[in-house]
């Protein structure tokens, strides 16, 4: 089997050499090019056509964000962001790159000393990302233009919507939320898998992309009433559940190696709200959320899953569909309209 061809983009010579050393030590990987700025990254990506790109965000000449936007628009290639960016501005650029089509984000080591655990995780992540079939992803796709969806039965009795997402989730969420009306009446409970080191500012960033307010959950807060629509996210490394009309954050064991877990949220929603629940499972690796979506359907709730053609990774929604958990399977550009109808809002409402 041919080796996986990797382009390494990093402006720090020391870090770049470390990345190249770790990657070339694996016989299944071949570093075919190195770049120290975004412009060179684009040129090498077009010329070498690598299977995967590791990309820093803070680059001279052209930023990692700009390089991501160009690569995904003109020579789509799986991109793994490898970054140590933790301040607000740099985190926001990382989220923008994920929304522009980068597949995942990986934290640089805090020091350059040898760390076998970090090395192994980097290699396995690069291999995983290289297998993802990305599509052309110009930023124009995120303009928020809504498209017609298949007719959906308005569910005015719905009490709340729960959404789960993982790999590819930031871009999917931006497109969905930009298509929602600002007066959407239902609370949306959200779990997304994102590395803890990069999760701190995600709710604030998403709030800036959405007509609905977005914030992290507070332990013990009441579930908002109908008419108080907003997006409430699980905080990093805590499960979010609904119990006795309130949202709780727990340190219970990981589910599917995830905390927060989509299944944990969905199962609590099924128990608490039953037929008054609606839920959607979006693009993501693994199977977290599939069993929980089935629980909501079995409790009488309304469920949907993102289709394979528009999912960056069809793992989570694919498993839900296999279990018979989804009442509807929709492309990404129809999900906002479907959720709008679930809230009892006409689908053609601007």
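Values quoted throughout were computed directly from the atomic coordinates according to the rules given, and no laboratory measurement underlies them. All values derive from a computational prediction rather than experimental measurement. Positions of Cβ are backbone-derived with ideal geometry, glycine not excepted, and every protein chain shown enters the neighbour counts.
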Discussion item. Per 0.36 nm of contour for each residue apart, how much would the distance between residue 47 and residue 213 grow if the chain were fully extended, relative to their Cα-Cα spacing?
Written reply: 55.5 nm
Worksheet, complete the sentence: Measuring from the longest principal axis of the C-alpha atoms of the chain, the long axis of helix 64-74 (C-alpha) lies at a number of degrees, nearest 10, equal to 80 degrees
Worksheet item: Considering only DSSP beta bridges whose two residues both sit in segment 4-140, what percent are antiparallel, to the nearest 5?
Response: 0 percent
Worksheet, complete the sentence: Log entry: pair-distance distribution for segment 146-342, C-alpha pairs binned every 10 Å from zero, whole % per bin is 10, 42, 41, 7, 0
Fill in: Extension gain (nm, one decimal) between residue 322 and residue 74, 0.36 nm per residue minus Cα-Cα
85.9 nm
Item to complete: Could you pull the Rg and Dmax for segment 4-140, using just the Cα atoms, both in Å?
Response: 13.4, 42
Discussion item. At R0 = 56 Å, how high is the FRET efficiency between residue 21 and residue 182 if r is their beta carbon distance? Nearest 0.05 is fine.
Written reply: 0.65
Discussion item. What does the extension gain come out to for residue 13 and residue 1, with contour length at 0.36 nm per residue minus their alpha carbon separation?
Written reply: 1.2 nm
Worksheet item: Once both labels are modelled 7 Å past Cα along the beta-carbon direction, what's the residue 62-residue 225 spacing in nm?
Response: 5.3 nm
Worksheet item: the chain: D in µm²/s via Stokes-Einstein (Kirkwood Rh, Cα pairs, 25 °C, 0.890 mPa s)?
Response: 120 µm²/s
Worksheet, complete the sentence: If one compares the long axis through the Cα atoms of helix 116-130 with the longest principal axis of the Cα atoms of the chain, the angle in degrees, nearest 10, works out at 70 degrees
Worksheet item: Any idea what angle helix 169-178 forms with the longest principal axis of the chain, computed on alpha-carbon atoms, 0 to 90 degrees, nearest 10?
Response: 50 degrees
Item to complete: May I ask you to derive the relative contact order of the chain, considering only C-alpha pairs under 8 Å and at least 6 residues apart, and to give it as an integer percent?
Response: 14 percent
Worksheet item: Taking the Cα atoms of segment 287-350 alone, what are Rg (to one decimal) and Dmax (as a whole number) in Å?
Response: 12.1, 35
Practice prompt. Please report how far the C-alpha centroid of segment 291-350 lies from that of segment 20-88, rounded to the nearest whole angstrom.
Written response: 33 Å
